[in-house]
Every structure is written in structure tokens, then in C-alpha cells.
Amino acid sequence: MICNVFRSNRKKETFIYLARGTEFEDLPDDLQQAFGPPQRVMGLVLSPERKLAQVDVKTVIESLENTGYFLQLPPKTPTEDKISNWLSR
């Protein structure tokens with residue numbers, strides 16, 4: 001599967017993967033507004049064997065096939081995990 005990866009200028013460490021043939025303007029309006037103007041980072045050829053740094057490639061491929069896009073949010077920091085665990089007690 002071929003896709004393009006864009007980063008958000010509004011949200012740090014936030015990326016959106018778009019399947020080939022899907023345009024940013026095809027996304028829901030609220031997502032476009034929250035993401036802001038996209039900045040193209042790269043094109044990728046995805047396969048189940050490929051490793052991605054922050055997310056499982058199979059999850060990305062599945063989302064691209066179902067919706068045409070995948071939104072990658074910033075990773076949680078260890079401090080956020082500790083706070084979340086503490087709050088859930």
C-alpha cells in the first residue's frame with residue numbers, strides 16, 4: 001500500500017497518513033480544522049513486514065483501507081502514564 005505522510009503545524013508530533021488517492025480535503029472538516037495546514041513529510045510503501053517507529057504498521061494499513069487515513073498522535077510520556085495510572089486507582 002502506498003501512502004503519503006503529513007505533519008501538523010498545530011499539534012506537535014502529530015502526523016496523518018493518507019492512502020494514495022485520498023486528499024487532505026477528503027477528510028472530515030473537524031479533523032482538517034484541528035490538524036491545520038498539512039506539511040508533507042514523505043511517501044511510504046507499507047507492507048505487513050515494514051516497521052514503523054511509533055505505531056504498528058498493520059493498524060495503519062487497516063485504517064487506510066477502511067477510512068483512507070490514519071491519525072498518529074504524539075506518544076505518551078512516562079510521566080503521563082504515571083499520572084494516568086495514579087488517577088485510575
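The C-alpha atoms of the chain define a longest principal axis, and helix 57-67 lies at about 60 degrees to it.
In whole percent, and with a 1.4 Å probe on the protein chains, what portion of the accessible area of segment 9-66 is carbon and sulfur? Provide the component values of the computation, followed by the final result.
Details: 1810 of 4030 Å².
Reported share for carbon and sulfur atoms: 45 percent.
Each residue of segment 19-35 was assigned a 3J(HN,Hα) from its phi angle through the Karplus expression (A = 6.51, B = -1.76, C = 1.60, θ = phi - 60°), giving 4, 4, x, 9, 9, 4, 5, 7, 6, x, 4, 5, 5, 4, 5, 5, 6 Hz with x at Gly and Pro.
Once backbone amide H atoms are built at 1.01 Å from N, Thr14 has Ser8 as its partners under 5 Å, excluding neighbours fewer than 5 places away on the same chain. Each residue of segment 43-55 was assigned a 3J(HN,Hα) from its phi angle through the Karplus curve 6.51 cos²θ - 1.76 cosθ + 1.60 (θ = phi - 60°); the sequence is x, 9, 9, 9, 9, x, 7, 6, 9, 10, 5, 10, 8 Hz, with glycine and proline shown as x. Relative to the dominant Cα principal axis of the chain, helix 78-87 is inclined by about 60°.
Kindly report the accessible area of the chain per residue (heavy atoms of protein chains, probe 1.4 Å, no ligands, DNA or RNA), in Å².
72
The values are calculated or read from the model by the stated rules, or taken from the named source; none is laboratory data. Nothing here was measured: the structure is a model prediction, and the numbers come from that model. Remember, those area values only see protein heavy atoms, side chains included, never the ligands or the DNA or RNA. Shrake-Rupley method; radii C 1.70, N 1.55, O 1.52, S 1.80 Å.
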